[in-house]
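Have a look at the structure below, then the notes.
Bear in mind that the values in this text are calculations on the coordinates, not laboratory data. These numbers come from a predicted model, not from an experiment. All Cβ positions, glycine included, derive from the backbone under ideal geometry; neighbour counts span all protein chains shown.
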Amino acid sequence: MTAIRAGALALTLLLTAACGAPVYHTVKPGETLYSISFRYGKDYHQMAEWNRLAEPYQVVPGQYLRIIPPRRDAFAPRPPVVAAVPPPAAATPRAAAAAPPPSSATVEVFGLNETPPPATPGVVTPQDPPAPVAVAPAAAPGWQWPTARVPARTAVTSGTADKGIDIRGERGEAVRAAAAGSVVYSGNGIPHYGNLLIIKHDEHYLSAYAHNERLLVGEGDTVAAGERIAEMGDSGTGTDAVKLHFEIRRDGEPVDPLKYLPGL
């Protein structure tokens, strides 16, 4: 079922992008820009630009976030929606074209709105796509294993390493920060990841720690490399054992952690 949902989501994104229609995510309680960009495999810098968000990238429940880049012609100005008020009896009626009413038909597919949403109060809707920004190549942080003991290669299991690795262990075993950084997500709102931590290490790299039994740090906390941040568990769906699912993402894209961690 998980594979079917993921395939349907990917197909929805491809079809909607091909048609040029905007695709949005509706922010839910507990979500952050970092968790939403992580969920869709996007760079949080790009999502901030597409949605005209400035640091510290705060979002609010009910807000609509664009999750695919806008086309240059995708943002024709929309007429303002004005409540119809009858003119005074003495006023001379003037001919005016009525503004088209906003469409109420919205198709929800796994939290995606396939029609442009109405403007959210207090949220600026982008009118023009952002200009591309040149980014210098990223230097990787000094990584270390997220568990106190380095597992044998046979204990590191994963379907595809570029989507992260699974490290089996004992319930309550310490999970440690793989590099210094700040916690940008601490919660269980991302499907299938259970109790999840996301740490921002610099402007390019994030690391993620999933299926924890207990989280020991919260959003906004600064952590040192090797600091105990969680306890290993089997939270979330699809877990068949107590383990840590660990990911490294560069500019939103998952990479193979085994190419960054010290050799086994």
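Check whether at least one residue in segment 185-202 is touching a Lys or Arg at 6+ places or on another chain (Cβ under 6 Å) and either farther than 23 Å from Tyr40 by Cβ or assigned to a strand (DSSP E or B) (or both), and report yes or no.
no
Suppose we filter Thr237, Thr222 for residues that are over 27 Å from Gln46 (Cα atoms) and within 21 Å of the chain's Cα centre (by Cα); which single one remains?
Thr237
Please go through segment 26-64 and give me each residue that is surrounded by 15 or more Cβ atoms within 10 Å (Cβ to Cβ) and more than 19 Å from Glu253 (Cα to Cα), ordered by number.
Hits for segment 26-64 are Thr26, Val27, Glu31, Asn51, Leu53, Tyr57, Val59, Gln63, Tyr64.
Mind counting the residues in segment 21-48 that are in a loop (DSSP other than H, G, I, E, B), under 19 Å from Arg71 (Cβ atoms) and small (Gly, Ala, Ser)?
Selection size over segment 21-48: 1.
With the requirement that a residue be touching a Gly at 6+ places or on another chain (Cβ under 9 Å) and crowded, with 18+ Cβ neighbours inside 10 Å, what does segment 216-230 give you?
Scanning segment 216-230 gives a single hit, Val223.
Consider only pairs whose beta carbons are under 8 Å apart and that are at least six residues apart or on different chains; among these, list those whose first residue lies in segment 193-206 and is at negative phi and whose second residue is of a type in the set (Lys, Arg).
Asn195/Arg214; His204/Arg250; Tyr205/Arg249; Tyr205/Arg250; Leu206/Lys200; Leu206/Arg249
Of the numbered conditions (1) surrounded by 20 or more Cβ atoms within 10 Å (Cβ to Cβ); (2) within 21 Å of the chain's Cα centre (by Cα), Lys200 satisfies every one except a single condition; which is it?
(1)
Of everything in segment 165-184 that's assigned to a strand (DSSP E or B) and basic (Lys, Arg), which residue is farthest from Leu261 (Cα to Cα)?
Arg168
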